[in-house]
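**Student:** Below is a structure I'd like to ask you about.
The values are calculated or read from the model by the stated rules, or taken from the named source; none is laboratory data. The model shown is predicted, which means the values in this text are computed figures rather than measured ones. Reconstructed Cβ throughout: ideal geometry from the backbone, glycine too, with neighbour counts over all protein chains shown.
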Amino acid sequence: MLGTDLVAELTKRGHSVESPSSKDLNITDPCSVAQIAVEPGKYDWAINCAAYTAVDKAETEVQAATELNALGPAYLGNACNVAGIKVLHVSTDFVFDGTASTPYSESAETHPLGVYGSTKREGELGLLAANPNVLIVRTSWLYGIHGNSFPRTMIRAWEAGKELKVVADQVGCPTSTVDLARVLVDLCEKNGYPGIYHASGPNATTWHAFAIEAIQAWKEFTRSDRAVQIAPIPTEAYPTPAKRPKYSVMSMDNLASLGIAPMRPMKESIQEFVGRLKL
C-alpha cells in the first residue's frame, strides 16, 4: 500500500528506484538481504516498507510477526551498514500504550500493548544497534488505494447497506500513503539526520469521525443522496484480540526542524483517496 505510492513519488522526482518483491528480497532471510552489500556504492538509500501489519493475527502468529518486524530490520541494517547505505525504516504509533493526553514526542517512552507493537519496537532497537545511519519514521492510521484500509472498508460496507457501528473513543491521526510518501522522499532529499521521526496526518480524530469523513467524501464524489448513519460505540463494545492505544497522536518536531512541510488536511487527502478509489 505504501510502497506503490512511494515508488511513484520517487520516480516523479527523477530518482532511480528498485522495488523488489518479497521473493526477490526477503528481509527475514539474512542471506537474501546480504545481496544488498554485494555492490557497494550502487544504492544511496534503502527504504523499508515491509512489515507484518495484521495487528490481531500477530497475537497468535508471533513468530511471523517477529521475523518480519523485529529480525528483518536488523538484517537489513547490517547489510546496509556494510555497503554504506542509509536506511529509512517505517514504524508505527503502536509502540505507545495510548495513556498520554498530549502528543507523544519522538523521545517519549515506549510501551507497546501487544505483539505487533512490541515486534515493531524490537525492530526499531535492532536496526539502531545494527546501523548508525538509520532514520526511523513512525506513522499512524495509514490508508491508501493500493490495499485494504479502514476508509475503503467503511465505504464498501456503506455501499452494501450494512448497519455501521464504529469505535468512537480511540484518537489518532489518519495518514494518506500519498502524503507519507512525499514526506519520506523529502527526508531522503534533505539527507535527514539519523534518529526517530514522527510523520502522520495533521488532524487528530476518532475512528467514528474518520468513517463519517470518508463516506461523506465518497458521497460527494459519487453524487449520492443517501444518508450516512454510523453509530458511535466504545472500544469495549468491539473487542479485538489485540489492545489498541486509545490515544496515539504524535508530535512531529523533528520533521519540522528540517523544514519539511506538514501533510495536507485530512479532508483534502481523503478527497484525493476517494477520487482514485475503485471498490
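**Student:** Return the total of residues in the stretch 9-32 being at pLDDT 95 or above, touching a helix residue (DSSP H, G or I) at 6+ places or on another chain (Cβ under 7 Å) and either more than 23 Å from Ala83 (Cα to Cα) or assigned to a helix (DSSP H, G or I) (or both).
**Tutor:** Total meeting the criteria: 3.
**Student:** Mind counting the residues in the stretch 113-124 that are crowded, with 24+ Cβ neighbours inside 10 Å and either under 18 Å from Leu135 (Cα atoms) or of a type in the set (Gly, Ala, Ser) (or both)?
**Tutor:** Final tally of qualifying residues: 4.
**Student:** Can you find even one residue in the stretch 95-112 that is under 30 Å from Lys278 (Cα atoms) and either hydroxyl-bearing (Ser, Thr, Tyr) or surrounded by fewer than 19 Cβ atoms within 10 Å (Cβ to Cβ) (or both)?
**Tutor:** No, the stretch 95-112 has no match at all.
**Student:** Related question: Would the stretch 270-277 turn up any residue that is touching a Cys at 6+ places or on another chain (Cβ under 9 Å), surrounded by 16 or more Cβ atoms within 10 Å (Cβ to Cβ) and hydrophobic (A, V, I, L, M, F, W, C)?
**Tutor:** There is no residue in the stretch 270-277 that is touching a Cys at 6+ places or on another chain (Cβ under 9 Å), surrounded by 16 or more Cβ atoms within 10 Å (Cβ to Cβ) and hydrophobic (A, V, I, L, M, F, W, C).
Per-residue answers, yes or no, for (1) over 25 Å from Leu255 (Cβ atoms); (2) modelled with pLDDT under 95; (3) in contact with a strand residue (DSSP E or B) (Cβ under 7 Å, 6 or more places away or on another chain):
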{"residue": "Gln63", "(1), (2), (3)": "yes, no, no"}
{"residue": "Glu67", "(1), (2), (3)": "yes, no, no"}
{"residue": "Ala79", "(1), (2), (3)": "yes, yes, no"}
{"residue": "Leu88", "(1), (2), (3)": "no, no, yes"}
{"residue": "Ser91", "(1), (2), (3)": "no, no, yes"}
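**Student:** Pairs under 9 Å by beta carbon, first residue closer than 13 Å to Ile233 by Cα and of a type in the set (Val, Ile, Thr) in the stretch 205-216, partner outside any helix (DSSP H, G or I) and modelled with pLDDT of 95 or more, six or more apart or different chains?
**Tutor:** Matching pairs, first to second residue: Thr206/Val166; Thr206/Val167; Thr206/Ala168; Thr206/Asp169; Thr206/Gln170; Thr206/Val171; Thr206/Gly172; Thr206/Pro232.
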